[in-house]
1. What is the one condition in (1) surrounded by fewer than 17 Cβ atoms within 10 Å (Cβ to Cβ); (2) farther than 18 Å from residue 214 by Cβ; (3) at pLDDT 85 or above that residue 277 does not satisfy?
2. Which residue pairs have Cβ atoms under 6 Å apart, sit 6 or more places apart or on different chains, and have a first residue in the stretch 242-260 that is farther than 18 Å from residue 17 by Cα and a second that is part of a loop (DSSP other than H, G, I, E, B) and at pLDDT 80 or above?
3. Can you work out which of the residues in the stretch 228-268 that are among the small types (Gly, Ala, Ser) and touching a Phe, Trp or Tyr at 6+ places or on another chain (Cβ under 9 Å) is surrounded by the fewest Cβ atoms within 10 Å (Cβ to Cβ)?
4. Closer than 27 Å to residue 78 by Cα, of a type in the set (A, V, I, L, M, F, W, C) and at pLDDT 80 or above, is that true of residue 42?
5. Can you find even one residue in the stretch 246-260 that is within 16 Å of the chain's Cα centre (by Cα) and either in the same structural domain as residue 52 (by TED's automatic domain parsing) or closer than 13 Å to residue 210 by Cβ (or both)?
6. Checking the conditions here, which among 192, 188 is more than 30 Å from residue 95 (Cβ to Cβ), assigned to a loop (DSSP other than H, G, I, E, B) and either assigned by TED's automatic domain parsing to the domain that holds residue 60 or modelled with pLDDT of 90 or more (or both)?
7. Is there any pair with a first residue in the stretch 201-215 that is buried (at least 21 other Cβ atoms within 10 Å of the Cβ) and a second that is part of a loop (DSSP other than H, G, I, E, B) and hydroxyl-bearing (Ser, Thr, Tyr) whose Cβ atoms are under 6 Å apart and which are 6 or more apart or on different chains, and what are they?
8. Of all residues in the stretch 33-79, which are among the hydroxyl-bearing types (Ser, Thr, Tyr) and crowded, with 17+ Cβ neighbours inside 10 Å?
Amino acid sequence: MNSYKQKNNDGSIAIGFVFLGVGLILLLRKLGLFIPSWILTWPMILIVIGLFSLIKHEFKSFFGAIMLFLGTYFLLRNEFDLDLGIGQYVWPLGFIALGVYLITQKRKENQILDDLRSKWDQKQKNQKSTSSAFSSSVEEAKVVDEESGSAGAFSGTSSQDQGFTRTTGTSFADRLNIDAIFSGVTRKMMSKNFQGGKITAAFGGADLDLTQVDFNGVVTIQVDIIFGGVKMIVPPHWDIRTEVTNIAAGLEDKRYFREGGVDPNKVVVLKGTILFGGLEIKSF
């Protein structure tokens, strides 16, 4: 089993520092020290969320970039009267950024599918080559047996490598990739070599069934939710560990645990950010 090390950027610790900072600012103001009024405005909340998300994800978080952009824009407009003439373009730019993100993610998904198809074709060629060689050996063996007055029979089987998502929502891919943007997505994973993945739900929801999935070791699922919800159905013996930042959100584990406890060889680490949304974990 791969070793698992708990990281120090736990979401609850970060939220604790945020409340600590707000408390100190309020205390300093009560003591008569000058603290700019804009420090405690709602755009600063978006800025803090964006910065935290970007730092946590090594400045590769689309969610963090959007939060930082919106917070900075509204702070400059509301507190410093610096509209910069882009007020009418904020939402169009936001939708353009969202579209670029979705197109980029779709291209990555298509690239993964192309790689899977290439591997599939190569495996089929290898299987055909192996089958032809095996058939030749069988024919030679039969000739030898016939010459010696005896006969033999041989048989062989082949396996299939599945890695695609059907229109019904059933997926045989090893990696999870869900984008529920202003929509709902239902996905049932069937991989026996699950490698984790990502879920993004913005103004939408996702239902994920992992009851047929199998793996060994530690896998990571990136979960980013804003004004949405995600429901995950997992086996009750999995070890679910969360490193998710909750901001005005909820995370519930409603599984029915077995008497044997959790399996240390099946660890799922949930990372990401939940803003005004919810993540529910259930089992049958």
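1. If we test residue 277 against (1) surrounded by fewer than 17 Cβ atoms within 10 Å (Cβ to Cβ); (2) farther than 18 Å from residue 214 by Cβ; (3) at pLDDT 85 or above, just (1) comes out false.
2. 255/236; 255/283; 256/236; 256/283; 257/236; 258/236; 258/237
3. Filtering the stretch 228-268 for residues that are among the small types (Gly, Ala, Ser) and touching a Phe, Trp or Tyr at 6+ places or on another chain (Cβ under 9 Å), the one surrounded by the fewest Cβ atoms within 10 Å (Cβ to Cβ) comes out as 248.
4. For residue 42, the condition - closer than 27 Å to residue 78 by Cα, of a type in the set (A, V, I, L, M, F, W, C) and at pLDDT 80 or above - is not met.
5. no
6. Sole residue among the options that is more than 30 Å from residue 95 (Cβ to Cβ), assigned to a loop (DSSP other than H, G, I, E, B) and either assigned by TED's automatic domain parsing to the domain that holds residue 60 or modelled with pLDDT of 90 or more (or both): 192.
7. That search, which allows pairs on different chains as well, returns 204/183; 213/191.
8. Selection gives 53, 61, 73.
The values are calculated or read from the model by the stated rules, or taken from the named source; none is laboratory data. Treat the numbers as computed from the prediction; the structure is a model and nothing was measured. A quick note on method: Cβ atoms are made from the backbone with ideal geometry, for glycine too, and the neighbour counts reach across all protein chains shown.
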